[in-house]
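What follows is a short report on a single structure.
The values are calculated or read from the model by the stated rules, or taken from the named source; none is laboratory data. If you're wondering where the values come from, they're calculated on a predicted model, not measured in any experiment. For neighbour counting, all protein chains shown are included, and Cβ atoms are generated from backbone atoms with ideal geometry for every residue, glycine included. Surface areas here come from the heavy atoms of the whole protein model, side chains and all, with no ligands, DNA or RNA. Shrake-Rupley method; radii C 1.70, N 1.55, O 1.52, S 1.80 Å.
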Amino acid sequence: MPIIHDQIDEVLAAAVHNELTDDERRALHVHLVECAECRALHKEEQLMNKALGEVFTDEKPDFGFEKRMLYAFRHKAPPRASIAVFLVNLMRSRATQLAAAAVLLLVLFEMGRFLTGEDMSIPFVRESRIASLSSSVKESVPRDQQLGAANATVALTDQAKVTGERGKESDRLGVDNGVVAAPASVVPRSDIASGSALTTGVAQNHGVREVRRRTKRGERPAGCAGNGCSPVSR
Amino acid sequence: MIDEMDSADRDMFRAAIHGDREAFEMIIRTMSRPLFAIAFGILQNREEAEDVVQDSFVKAWKSRWRVREPERLQGWISTIARHRAYDILRRRRTVPLDEQLKEFAAAGNGSESPDDERHQQVRSALATLPELYRSAVALRYLQNMDYATIEQTLGLSNGALRGILGRALASMRKRLKPALAAMI
């Protein structure tokens, strides 16, 4: 068995570690019967194996070893919250999914409206938008004009009285300043938006007041030359 | 031996490489003791071996992207542990390890039993082996691993371990001849 003899170190180590195949084991036993040198080595190898086993027996880690390793790992390499992980966790919640669906629908709705150019908003929303728009216009108008606008509102209210008495007064005075404010209900929305209705109201306010003032004093309004006054427009 | 890895382990290694922390912690549970054996075989110091295992896992986690084949992850982590242990050993190698062990034994109370003395001699003989040999011996005797598992853990090719362990035990046998004779 020259092969076994040449490789005796490997074979003996494998033999004491029970890593030999059946054929190798048989071949080794045959060789050990024939070779005294290898037989002595085999005995030493068994003693060596026993001594190493004794040395390492007391060095095995305790039961809590794995826990300590895990704890140390978690302490030394804490998990980092990346943006991707955060987004994935966020999308797992039902509320986020619903909110995302609502946002998507709104975006599609607005895109469709933008592409078609149609105002597809519901009436309630439309009215509220107009109201907010007119209030924003009021805010943009200077304060003195706002006061004028408030007076115009008063004037418009008074105008109804004026126009109600217009027949008598015009008969009596035979004059009119030629300015009659239209009721607020017939003022075009575009005028409200642009604020022209308010400025018109200011002018009307001044005119109506002048008429009333002169009427009280028993005078004829300016620009009235008797029967040549222009008729009051309704 | 790498080809013999089952698909579950391969999936676990692949997941760990891709950043699955739970998979990596599972690897820590399964590989802590083998890594301890590797480190202890080199350093022969329990505290230092534990530090090596901790550092190796942290380093492996931080640079796991370097491993392209999941089958090689185990061997790669073992290599990290071996290198780390070797670094520590080099740092304290101003005095040879076998002499350190002799000094440690001499620092004892002097009333050691013959078994203790023999154990010390075995440790000294072990310290003279190359690091890879020591790791292989420790995995075999500390973890009772079979050859295939040791080869897989150390990333060795099929059949290489037989020669390593044969040479390791032969070297120790020659050094410990008188002590072994006393054991008979």
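Points worth noting:
- Within the stretch B:134-184, the set of residues being in contact with a Pro (Cβ under 8 Å, 6 or more places away or on another chain) and closer than 14 Å to A:Lys50 by Cβ comprises B:Ala182 only.
- Test: residue in the stretch A:109-120 that is in a loop (DSSP other than H, G, I, E, B) and within 14 Å of another protein chain (Cβ to nearest Cβ): no
- Of the residues making up the stretch B:145-159, just one is surrounded by fewer than 21 Cβ atoms within 10 Å (Cβ to Cβ), within 11 Å of chain A (Cβ to nearest Cβ) and either hydroxyl-bearing (Ser, Thr, Tyr) or in a helix (DSSP H, G or I) (or both), namely B:Ala148.
- Residues that are surrounded by 13 or more Cβ atoms within 10 Å (Cβ to Cβ) and at pLDDT 80 or above, drawn from the stretch B:1-20: B:Asp9, B:Arg10, B:Asp11, B:Met12, B:Phe13, B:Arg14, B:Ala15, B:Ala16, B:Ile17, B:Gly19, B:Asp20
- The stretch B:5-24 residues that are closer than 14 Å to B:Glu69 by Cα and among the aromatic types (Phe, Trp, Tyr), paired with ones that are open to solvent by less than 20 Å² (accessible area, probe 1.4 Å) and part of a helix (DSSP H, G or I) (beta carbon under 8 Å, 6 or more apart): B:Phe13/B:Ala23; B:Phe13/B:Ile27; B:Phe13/B:Pro70; B:Phe13/B:Leu73
- Top-ranked residue of the stretch A:69-81 - restricted to ones that are within 7 Å of chain B (Cβ to nearest Cβ) and surrounded by 12 or more Cβ atoms within 10 Å (Cβ to Cβ), ranked as nearest to the chain's Cα centre (by Cα): A:Ala77
- Failed condition for B:Thr128, given (1) within 7 Å of chain A (Cβ to nearest Cβ); (2) open to solvent by 30 Å² or more (accessible area, probe 1.4 Å): (1)
- Residues within the stretch B:21-50 that are open to solvent by 10 Å² or more (accessible area, probe 1.4 Å), at the interface with chain A (Cβ under 9 Å from one of its Cβ atoms) and closer than 18 Å to A:Lys76 by Cβ, tallied: 4
- Every residue from the stretch A:15-67 that is of a type in the set (A, V, I, L, M) and either under 60 Å from the mean Cα position of the chain (by Cα) or closer than 19 Å to B:Arg140 by Cα (or both): A:Ala15, A:Val16, A:Leu20, A:Leu47, A:Met48, A:Ala51, A:Leu52, A:Val55
- Considering the stretch B:69-117, the residues that are at pLDDT below 85, assigned to a loop (DSSP other than H, G, I, E, B) and charged (D, E, K, R) include one that is farthest from B:Phe13 (Cα to Cα), namely B:Glu112.
- Listed by first and then second residue, the pairs with beta-carbon distance under 9 Å, at least 6 apart or on different chains, first residue in the stretch A:17-37 and over 18 Å from A:Leu47 (Cα atoms) and without any contact (Cβ under 8 Å) to a residue 12 or more places away in the chain, second open to solvent by 60 Å² or more (accessible area, probe 1.4 Å) and not aromatic (Phe, Trp, Tyr), are A:Val33/A:Arg39.
- Qualifying helices (runs of 4 or more DSSP H) (wholly inside the stretch A:1-68; at least 2 residues being at the interface with chain B (Cβ under 7 Å from one of its Cβ atoms)): A:8-16, A:36-57
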